[in-house]
Every structure is written in C-alpha cells, then in structure tokens.
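All remarks here apply to the structure that follows.
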Amino acid sequence: MIKAVMMMNTQGKPRLAKFYDFLPVEKQQELIRGVFSVLSSRPENVSNFLEIDSLFGPDSRLVYKHYATLYFVLVFDGSENELAMLDLIQVLVETLDKCFSNVCELDIVFNYSKMHTVLDEIVFGGQVLETRSDEIMKAVEEISKLEAASNSISLVPKSVSGWRGGR
Amino acid sequence: MDNLFQRSLEDLIKGFRLQLLGDSSFISRALEEIRREIKATDLSTKSTALHKLSYLAAIHGVDMSWAAFHALEVVSSSRFHHKRIGYQAITQSFHDQTSVLLLITNQLRKDLNSVNEYEVSLALECLSRIGTRDLARDLSPEVFTLLGSSKSFVRKKATGVVLRVFDKYPDAVKVCFKRLVENLETSDPQILSAVVGVFCELASKDPTSCLPLAPEFFKILVDSRNNWVLIKLLKIFSKLASVEPRLGRKVAEPICEHMKRTVAKSLVFECVRTVVSSLSDHEAAVKLAVAKIREFLVEDDPNLKYLGLHALSIAAPKHLWAVLENKEAVVKALSDEDPNVKLEALHLLMAMVTEDNVSEISRILMNYALKSDPLFCNEIIISVLSVCSRNAYEIIVDFDWYVSLLGEMARIPHCQRGEEIEHQLIDIGMRVRDARPQLVRVSWALLIDPALLGNMFLHPILSAASWVSGEYVEFAKNPYELVEALVQPRTDLLPPYIRAIYIHSVFKVLVFCLRSYFSAQESSSGSSSTVYESILNLVNVIEIGVWPLSGAYDVEVQERAKNVLGFIGMAKQDIAKKVNLQDNEAEACRVTAFMEDAFSEELGPISANAREKVCVPDGLELEENLGDLEEICGKFLKPVESDSVSCTDKITFSVSNLRIRDQQEASSSTSLPPKESSSLLAEHRKRHGMYYLTSEKNDPDSNGTPNDYPPANDLASEILLDPLDPKRKAKHRKSRPVVVKLDEGGESRITTSQAKTKQESVTDDESLSRDIQSALLVNKKGKEREKCEGNSNLVVQEEETSRIEKPQNSEKKKKKKKNGERTSGKHRSRRRSEVASSSEQVEIPDLLL
C-alpha cells in the first residue's frame, strides 16, 4: 500500500500532497514539514531510501528522488518493493514530461488539477494500477478532452443560446 | 454570469505567487471570497470556489470540512468538469465522522452505473478512499457488476476498490470473490497486476484464507514475465510459505529460475528477500540468494549496496555464514557516507560478535566512533553495550578488559549514553566479584579527571564511579587520593543528587580507613607516627572539603555533609587520644566497627519479580478494607510515639541505636496496624467514601513492618555458576569469573499481554477470513455442481441447508446473496437470514502435494 505521495521543492514548499489514509490538515502539514527536514539533511550520492517509522507509523518506508529543484517522495509500507517504488517515481516523471514537454517546477505549480489526474491514473486508493506511461497519457488526454468539452458549454448559458437560436 | 468575474484556480495561484501582503492574510482573503462564492446557486461558481478550496486545503493546510455539503451539490452536476472537482474535494476531506456521508450513496450509485467510464472511475476512486461500512454494503452490487465489465479500464479500477470494500464490509466477499478469482486468469497484464496486488494485501492480513488459491498463483509465477506481477506474487508466497512450509519446496525452484534469468534488480531483490525470510531451509536457494547479495554489495550504486546489506541482515539470524563470507564488504560499509548503509553495517557487525572476536570488533568500532558524527557514534556505543550485556554478559570472558572499555567509552567526546554505562558499571560491580579491583581502578581514573565534570552527559557515569569506589574501597590502592578526588572543588558542577552520592562514598572511605587505623592500633603495641599523621591528614582533608557543603541549598547534600562532619567530630577525639590503646570501649571505635559492619553487607542484584516470591503469610487478608479494624482494636492499641528518633545536642550518628529500637518496636507491637493511622483513614473514608476506589490489593497498612521481608541477599543465594565450556582450549586464558544471575521470570508476563493483544486484533480479521474461506468452499462446491448439473439453483439450496445445519453465533445478522441472483442481474433484494455462516475450519485441499 502506498501511504502518501508528495512533491516539494528544495525550500520545503509542497507542490502536491496526497495522503491515502485520512489525516486532518494540520497533521498533513506536520508530516510534510517532517519529511522535508529529514530530506534536506541528506547528502548527495546516498541511497534513496529512508525508514520513517517516527512519522508515518510502524513499517513505513520512504523513497525520494531529487530532480533539479523538486523532491518527489513516495511513502509506502512493507507490501511494496523498494526498487519498484523508485521505478514508479521514474514513471511519474516520464509521464509528466510527456504531458508538459520538458516539465519544470512551474508547470507543476500552475497545473495542479492535471497533476492530480496523472497521479490518479497511476496510484488508485493506495494501490499501483498502471505503470505504462503511454496508457496513462491516453487516459489523461481523454479526461482533459471531456473536461474541455464540459467547460466550453459554460461560456454560453442556455438562456442566451435559447433566445438566439430559438431551439 | 457571475462566474465570469470569479477568480479561477489559476488566478489564485498566480495571485499567491505575486502577492506582497503576506501568506496568511492572502489566504484568509481568498477564504472569505470562497465562502461567499460557494453559497451561490450557480454550479459553475460553486465548483470553482470548491476547486480553490481543495487547493488551499492540500497545499496550505486550510480546513475544508465545512464545505462538505457544497461538495455534494457540486458532484450532483451533470458536467464532467464539476463532477471531477466535487469528487476530488470529497476524497480529500470526507472521513468517517462527516455528517453528510449518507447522502453520497445515491450519487455514487448513479455514477457507478454511468456509461462514461471516466465518471465510473471517479466514483470508484472516491469509494476506495472514503468507503465506510455502509457505503461498502450498499454499493457492493455495483462493484460486483463492474468487476465483470467489458472495459478493462473499468475492471482494473474496480479491482482496486475491492480491497477497501472487503476491508469495511466483509460480507461482500461472498459476492465479489468469485469474480476476483476469475480475473486471475485474465490476459490483460494490468488487471492481473491489480488483482495480484489485492491478493497481496489480503494475504498480509490473513495468509490461511488465501492458501487454497496457491495453485493459481503458482501457475502465474511460472508463466508470467511481468515484473510487477511477479514481485507481488513473491510477496504472497512469502506470507503463504510461513503458514504452509511444504509450499516452500515447490516454490523454491521457480524462484531460483527467476533469479537467474532476470535482469531487473527489483525482481532479484524481491526473490532474494523471499528466499532468506521464508524459504531459509532450502540450502540451494539460499546459496543462490547469498551469491546475488554479494553482487549487490560490490555495486557502486548506493541503493543496491543498502538493499544488499538489508537482505543480509534479514538472513543473519539463521545463516551467519553468509555474513561472515562478506565480512570485508560489511566493514568497508562502516565508513560509507550514507547513514543508512553505516547503520546496517553496524547491525551486521554486531550479529557477528562472539566470545572470541568481541574485543577485536569493539576495538574497530571504538576507532570508528572516535571519527564519526555524534549520531553514529552513539549508535555504535549503544549497540556495543547492548550486545555485550545481553543475557547477563554472557559473551564477555575478560571482564577487566570490558570494564576498561567502559571507561574508554566515557572518554569519547560525543558520548551521550551515560545512563547505560552507569547501569553496567554498577551491575558488573554487583554481579562479578573478581572484576571489582579493575572497576575501582577505572573509577578512580574517571574521578580524578577534572575535565569530565563539565560534561553533563557523563554525570551518570561519574555517579556510578563514585558509588563503586565507595562500595569496594577495600580494593583501592590509595584511598587518600580517592578522597581528594571526591571532594575536589570542581564537583560543584555536579547536580545535587550526584554530590550526595559523592559525599556518601567519602563517608564509606572514611569508615574504612578509620577501621583499619583502629584495628591496627589494637593489634600493634605502638602506633607509628606516620600512620597517625596520614589518618589525621585524611580526616582534615575530608573536613575541609565537606564543611562548605553543610550549608548547601539541597537538603540531601546538606544532611549527608552534616552526618559526615558529625562522625568526624566524634572520631577526631579518639584519634587524638592515642594513649588509650587498649580501651576497646572507645565510642568512636565501636561506632566505626558498627559502621563498617553496616557497609560490609554485600549489595546484590535483585530479580525483577522478587516481590512475587514473597509468600503471603497465612491468615493475612490483603484485600480487605481495614477501616473496620478501628472499632475492634481501638481499645487495645496505643498510639506510637512519634519521637522514636531522639534528638540530642551532640550530633550523633546512632544508626545502630535506631535499628535496635526498631526491632523492639516490631516485637512489641502486634501485626495489626497502629491505631492512629487507621482511625484517620476510617474517618476519611466515611467522609469521602464515594471517591475511594475498590480496595487495592496491596493495602500498605496490612503488611507487617519492613523487617518481615527477607533481605535482598537471600534471593542472591540462587547463584548460578557459569560452567567453563570444556570444549574451549584453555591456553593462557583466565577462567571466566562468576557472574551472579537470577532467574528472571519477568518475560512471561510480557508475552501473555502481547498474546492477549494479538488475540484481540485477530478477531477483527476473523470475520473477513471466515468469509473468504467460506467463499472459497462455495466456489469449489459450486464448480463441482455446475459440472454435474449445470443448475445454479441447486447450489443455493446446498448452501442454505449446509448453513442451517450449523447454527453458529446468531448475533451477527448477515445478508445472504444467492448465486442465482447473478443470472437474474436485476434488482436485488436484501434478505436478512437468522442463520450465520459456518465457522468451521476449511480443509485446505491438498492439491499441490
């Protein structure tokens, strides 16, 4: 089971935080801060795994990857393989790359809902569902099309169109 | 059209980045805006406001539980965009206590039945994150349908939600399990990995219920080449093999095949982990696994190194040879820059420790400790301490060396483990008689070092050192220097309770020296002047050193200082009276003799459950409320004199007098409690009766005086001699000194309470496992029946009769779903049956063996 997915920048500002067990918002912020303090003290060229029983409860492990100014963090328990989780971060980043072409932190900041769409296709209720980035992209594109379609109606409200076209 | 001017989420984010007001004021302004907008009737406005609110809640920690009802309204919209925002808000903020949770059931049902697969997936994800028991119960039919949907996208997500549904509502197992198992045979790899993932979680909770599916898992294990699927399968088999050891034999081969063939490191690692944790009896598999571990250890990639060490530490308890083979890699890893790697290496090194190499390994580790950062340094110290002290120091042969190691540890700059070292110094002193001289030597070295007094982490060690020096002063080479060290002015830096120990040790040293002086006087005819000089010197030094403390702020320090000074005052007169050599009645002489007696009784370790061993005397009621005793015994007892300790003008230290008087009191009074205290108690009870708890077991009034307890030393008579191992070559080795051990039966208490808590958690999962087992049984029966008759109705009757025959705990009312309903596929009615499902153990079919 995956317990949480987090993206934060090197100053500790969260860019995305999703917790798969319910936690009140203060606790969530506390956890984000806790994870950041642990990560910021890690030197370069060390392993990407951490035991964080103190923050997330027994049998919790954390895998993180540092890309430019962002930390991608995945918190999981004993039923997931560590290296597979590392791969999963890779999949996520690749998909984001395909989505935004040369993704950078600003893309993630301004596309909050699209980020969630992508993440929801990969991790579903704490389980890993999809690991092929092209499949994920297909689904994400479909969803964006649907959204765009449903959004475009809102510009012309029914009353106006009715008055004009007299349907 | 008011949402034309509404700020969207993008505007909010942009605004946040450009704002100069300050974060919290910006957020509160935005919140005000949101609260206004969200009350609008127009769904677009509402949904944008909700979207902004979810963003603020996730990223900035703003509470959004007040918007629960608005989220429901947004979700009911027909537009996909709104639905998405609504569902996102719901999954983020709803929890078991949300009051409007009931209202969502219908909306979820509608969306689960929708044609649009993306709406279905939204609803499924919502259910998987917030699903409660009621939601799971009401929506399990829909989930059941979706598990058989033609669109693989939907089936995949439905599989994901099944876990939560099963978790919250175990009865759903009867309905959905069959479909789930069918999905095991699918060719779509993503659905397969989802199903296997669900089984992995189920197996972690209860392996026995998934055991009947082992044949199917085995087939997939052999055939599949998808790494994700294989990893999950390995985890499942690891859990299954621990309950069914015969499974291990069969599975070992395919696992080895995978290990040899695959390139993916994740799969290799998982195979290795499975082999060393659950299949550790299969030599060939273990050898292969250890070879793979070695490959990991020599890699440059820090991740692989860490994982290799981790796997090695899992293998260590049963396969120490694997660790020893890779000893160099482990020692090298101690100096790695990755803290994880260092820690694993340390644990592995500790696992390798035996009697022969303990000094060598400790030497290496001490060197590392001196060079490392404080955190790792303390880790090293604590692990060395815990390994060496395990099982009453079973691993140590040369206690002199170990004691000097303890002293060395105290000198390490970053050492913060003072309490543990203190504990061990005193413990060794009490248990190992032969180590006492060395202990005193090491303590002396610690005490005379003024630099240590400044380090507050080392104060516990100094207190232990001073106690040891005082207690075993007979081994000290030079008591004079010892006393100087104990009264040096820099001891001001110590906290009061440690200074009190210092003063008491000074006292013990003084008594020892005086005693030897007096006994030397008695035996020899004339006293040499040098001895007289030295004893006078000693007494003077002590007096000068302790005198300032008699005005100390702390009462303990003050009292002990005064005691010492009083004793000195009395003793000085007799030292001066050199002439009265034969006068054995000299008070100081007698008193010193008494004191020495008092201090000569050996203190020994006490077993953890010593108290239980004190048997309650016959006829002693420990549970009674003794307030009534007042009326019966009031006439007979007189109140005890409160001035049992007489205060004289001369400060005398008459501990012996006190003791004698205590014994007299004990013999004169009966075993009933003194009248005064019991009457007060009865009065208090009358006035405040309702605040009293039910009578406690160990009512202190009911026990006899402390003298009824056997002194601690009687328990020390259960000395277990440590036999010399005859196989060991006794070259120039000192024989191991005797270590006093007591049978610590305390562990049994801990395990029973653990067992109790285990039982409680098991009953929660019992219902789920029962259902899975019964579902599997029905599956098997159903398959057979369908083969013979092809009529599903008979299966239903079978089930019913079998259940009626076995009436079990009818407190739980369970819904019954008939298999026949699947074929009808229409509106399902709920029926409550009085009969619960059978709870007998499912026979695990011997299909594999």
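Read-outs throughout are calculated quantities, based only on the coordinates presented, and are distinct from any laboratory measurement. As the structure is a computational prediction, the values presented were derived from the model and not from experiment. FYI the Cβ positions are ideal-geometry reconstructions off the backbone, even for glycines, and counts take in every protein chain you see.
Per-structure values
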read-out: Net charge dipole size for segment A:24-141 [Lys, Arg +1 and Asp, Glu -1 on Cβ; Debye, nearest 20]; value: 260 debye
read-out: Low-density loop cleavage sites - GluC sites (Glu not before Pro) in segment A:11-88, where at most 14 other Cβ are within 10 Å (DSSP); value: A:44
read-out: Farthest toward positive dipole pole in segment B:365-465 [+1 Lys/Arg, -1 Asp/Glu at C-beta], among B:389, B:461, B:445; value: B:445
read-out: Residue mean of other protein chain beta carbons inside 10 Å, B:149-157; value: 2
read-out: Anisotropy class of segment B:445-580 from Cα gyration tensor, a/c 1.5 cut; value: prolate
read-out: Amide H contacts under 5 Å for residue A:124, placed H, 5+ residues apart; value: A:129
read-out: Other protein chain Cβ atoms within 10 Å, averaged over every residue that makes up B:159-166; value: 3
read-out: Filtered trypsin sites (Lys or Arg not before Pro), segment B:452-520: DSSP coil and at most 11 other beta carbons within 10 Å; value: B:477
read-out: Which of B:118, B:91, B:41, positive extreme of dipole for segment B:38-119 (C-beta unit charges); value: B:41
read-out: Efficiency of FRET between residue B:434 and residue A:51 - r from beta-carbon atoms, R0 51 angstrom, step 0.05; value: 0.75
read-out: Euclidean distance of C-alpha centroids, segment B:159-174 and segment B:283-328, integer Å; value: 39 Å
read-out: Spacing of the two label points (7 Å from each Cα toward its C-beta) at residue B:373 and residue B:475, in nm; value: 4.0 nm
read-out: Distance between segment B:176-199 and segment B:356-373 - C-alpha centres, whole angstrom; value: 52 Å
read-out: Computed helical MRE - 222 nm, chain A, DSSP H runs ≥ 4 contributing -39500 (n - 2.57), nearest 500; value: -15500 deg cm²/dmol
read-out: Where trypsin sites (Lys or Arg not before Pro) fall in DSSP loop in segment A:98-138, at most 15 other Cβ within 10 Å; value: A:132
read-out: Rel. contact order, % - alpha carbon contacts under 8 angstrom, at least six apart, segment B:449-510; value: 47 percent
read-out: Computed FRET value (nearest 0.05) for residue A:21 with residue B:216, which takes r as the C-beta separation and R₀ as 25 Å; value: 0.25
read-out: Spin-label proximity, residue A:11 to segment A:64-81 - amide N less than 17 Å from point 7 Å beyond Cα toward beta carbon; value: A:68-71
read-out: Distance (nanometres) between label positions extended 7 Å along Cα→Cβ at residue B:597 and residue B:537; value: 3.3 nm
read-out: Amide H contacts under 5 Å for residue A:9, placed H, 5+ residues apart; value: A:15, A:71
read-out: Relative contact order (%) - criterion: Cα under 8 Å, at least six apart; region: segment A:1-120; value: 26 percent
read-out: Residue A:106-residue B:519 FRET efficiency (beta carbon distance; Förster radius 56 Å; 0.05 resolution); value: 0.05
read-out: Cα centroid separation, segment A:1-67 to segment B:431-448 (Å); value: 48 Å
read-out: Separation of the residue B:680 and residue B:391 label points, Cα + 7 Å toward Cβ, nm; value: 5.2 nm
read-out: For segment B:313-441, size of Cβ-based charge dipole, Lys and Arg +1, Asp and Glu -1, in debye; value: 240 debye
read-out: Cα-based helix-to-principal-axis angle, A:112-122 vs chain A, degrees rounded to 10; value: 70 degrees
